[in-house]
1. For the condition farther than 23 Å from A:A82 by Cα, among the small types (G, A, S) and surrounded by fewer than 23 Cβ atoms within 10 Å (Cβ to Cβ), what is the one hit in A:S172, A:S149?
2. With (1) touching a residue at least 12 places away in the same chain (Cβ under 8 Å); (2) over 30 Å from A:L109 (Cα atoms); (3) hydrophobic (A, V, I, L, M, F, W, C) as the list, and A:A82 as the residue in question, which single condition is left unmet?
3. Taking the criterion of being closer than 30 Å to B:M112 by Cα and basic (K, R), would at least one residue in the range A:360-371 satisfy it?
4. Taking the range B:281-301, which residues are touching a strand residue (DSSP E or B) at 6+ places or on another chain (Cβ under 8 Å) and touching a residue at least 12 places away in the same chain (Cβ under 8 Å)?
5. With a cut-off of at least 1 residues that are among the small types (G, A, S), name the strands (runs of 3 or more DSSP E) lying wholly within the range B:44-140.
6. Scan the range A:81-135 for residues that are aliphatic (A, V, I, L, M), assigned to a loop (DSSP other than H, G, I, E, B) and either open to solvent by less than 10 Å² (accessible area, probe 1.4 Å) or modelled with pLDDT under 95 (or both) and jot them down.
7. Scan the range A:373-391 and give yes if some residue there is open to solvent by 10 Å² or more (accessible area, probe 1.4 Å), small (G, A, S) and under 19 Å from the mean Cα position of the chain (by Cα), otherwise no.
8. Do you know which of the residues in the range B:60-87 that are small (G, A, S) and surrounded by 15 or more Cβ atoms within 10 Å (Cβ to Cβ) is modelled with the lowest pLDDT?
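The values are calculated or read from the model by the stated rules, or taken from the named source; none is laboratory data. All values derive from a computational prediction rather than experimental measurement. Positions of Cβ are backbone-derived with ideal geometry, glycine not excepted, and every protein chain shown enters the neighbour counts. When the accessible area is computed, the model is the full protein with side chains, heavy atoms only, and any ligands, DNA or RNA have been set aside. Shrake-Rupley method; radii C 1.70, N 1.55, O 1.52, S 1.80 Å.
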Amino acid sequence: MRATLYKNARLLDPANGLDTRGALLVRDGKIAEVGSQVFVDAIQDDVEVVDCGGRCLAPGLVDMRVQVREPGDEHMETLASAQKAAAAGGVTTFATLPNTNPIIDDVSLLEFVERRALEVGLANVHPYAAATKGLRGEEMTEFGMLAESGAVAFTDGEKAIADALVMRRALSYASIFKRTVVQHPEDPALAREGSANEGETATRLGLAGIPAVAEVMMVERDLRLVELTGGRYHAAHLSTGAAVDAIRQAKTRGLPVTCDTAPPYFALNEGAVVGYRTFARLSPPLRSEADRLAIIAGIADGTIDAIASDHAPHDQDSKRVPFAQAEPGGVGLETLLAISLELVHTEAVPLIDLLHRLTVAPARILGLPYGTLAVGGDADLVVFDLNRAGKVDPERFASKSRNTPFDGRPTEGRVWRTVYRGRTVYDVTTEPPLPTRRRAFVDA
Amino acid sequence: MTDALSQLARPASDDDGRVYPHRHLLGIEGLTRPDIDLLLDRSERFVDQNRQLDKKVSSLRGRTVINLFFENSTRTRTSFELAGKRLGGDVINMSVGTSSVKKGESLIDTAMTLNAMHPDALVVRHSESGAVQLLSEKVNCAVINAGDGSHEHPTQALLDALTIRRRKGRLDGLEVAICGDVAHSRVARSNIHLLSIMGARVRLVAPPTLLPSGIERMGVEVHHDMERGIAGCDIVMMLRLQTERMKGSFVPSVREYFRYFGLDVDKLQAAKPDALIMHPGPMNRGVEIDSLVADDIDRSLIREQVEMGVAVRMAILDILVSNQTEPWSQNSGVNVQ
């Protein structure tokens, strides 16, 4: 493969704090040279030169929380469409949740996902395996064999592992295979009937609430079990300040715990559901403004290790229903970077720290060698405009689903090019024209 | 301004030039004091008309009203049906049991199917909060919320207000206690909005398990003790407690609930001597209200509420339907998202 030189770039490598002007040379799909002084004899080496025009060049994003609907509901998202969406979003590695139909709780199903993902080849896809059979929260899956087959970690996806004994055993058993248990931290009894954050907004709308304590209760219980077992634990998509505090204290005590959040939890609050906007029905629900600010503080001080898209594709029929009946979740792969950059533009989080949460931190949590610009590593890169103004336009999504809570939101910052193993998998300048908008009228 | 000029400026309305500026009635939240005054004033006229031998007028002649009830209801549906018929409109009742909803048709498909039949008003009740608003976004006729989940039941609040206003002469400055299952009550929410807009002071009396979180931020005073809660108030408004909620999930038992939160003669003594009693019906006698109180002809407004219901529904149908002056058109701009 012809070598490629990305010159005139702002190189950002959060793994070692590098932020400098320079160039990066890709040869045979690997990063061959990087830095402010890259000497290449372009003619002799037959190097393709890409002028980044001063744009930011960072490791491709690592998204540790993506729902794909294959197998089962391919009309909402396939492994192919998810990878296209990932490429458009600057994501070169993502982990898939096991809540498909059938559920990924068996080696053969796990291998199906890996094989289908490889056929596309636009991103690294690492499936989670279910922590319990059928996500029923009762019996453990075959952690050892699943780990050997490539299960990146164990989780029950959108369901909490509620039974304390099951969680205890999962944490201790997973540790012998050096795998993390990823929890959806929400007490299922307190969340049972709710569809929005408990409080004035839900009360005015007449919606049953899910209290913020449903999250921190589960996190605190799990932290006790981590202390008991020594197992590695990750709390997914934190939405409340109380849960961030609990993780902060646990880290001070030296427990092997990590956590992530998703853009809706730092960019939106419960006000987004007013008018019964089902695209803003998420799990966990959008919280109060105080919680939103606490999430930002957690990202800023590093308590929150990673930012994941929490990509959850749904079709129209799942969302064009009364609020409480709507499926929770929103797509996020293609808005992950732009919405996260709001934290940089509002000077809440420095760019290099934000990229850390989006690249090397999630890679390390999952034990994957990605998310850096280290020489010799895979050339998985994203080049982005830091300040380019735009707008979230679901009609342009590569994802098969359009259920974003950020529809129409003005953005600042845009992916310019995504490179996966040295190949350009997304290039904004050659993006195909917008397909004809689908039109629908009331049938007369 | 001369008389001639003021007459020129007057729109085609017989309410002293007042105009009701909304297309639908989805809730009380968002209405203004003049909006509510207008609806109540118009309702008064229909109260008188309903007491005549000939109760029918022709203001809705040639117009179609569809009652679309996804949740069982006899009283509210009958009340709307009578209201539409007394205005001279054609009223159709869509009953859920025989409808396509049971066959899995979505709410929006049902809405669009009915919309294609060119109704002038849809009266909708649904068990989910927000369902009526969702439906209103998909049709081009007036939509009246006849109760959606635990969200709003605006015509109930309006009929309650009319009942109070006729007895007390005003709403402003009254002390009103709303007692019972506020958490699941759309009647409570609509009444809190309406009474607050009109200048009444609202107290809620209920066990904490039946109060939704953050309700005190809607400008109400919260009490868990019935006698203290209704002390000195002008109106005691009781709410219905659903049977499935009184067996341990929200309150331990019927008899315990009645002991602490049921309205009986003893507890009522805490209220003003001329305090009046209301209930949206249907009543659970011996659960939230004692028969002696419910049937007290001097103090109980429960039957009057039902009478006012028809008048209020006539007023709202009349106003919303006559606000529509353009014939139905295919280009009315309803989007299917």
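1. Of A:S172, A:S149, the one residue that is farther than 23 Å from A:A82 by Cα, among the small types (G, A, S) and surrounded by fewer than 23 Cβ atoms within 10 Å (Cβ to Cβ) is A:S172.
2. Here A:A82 clears every test but (2).
3. no
4. B:M283, B:E288, B:I289, B:D290, B:V293, B:A294, B:D296, B:R299, B:S300, B:L301
5. Answer list for the range B:44-140: B:90-95, B:121-126.
6. A:L97, A:I104, A:A123, A:A131
7. No, the conditions are met nowhere in the range A:373-391.
8. Among residues in the range B:60-87 that are small (G, A, S) and surrounded by 15 or more Cβ atoms within 10 Å (Cβ to Cβ), the one modelled with the lowest pLDDT is B:S73.
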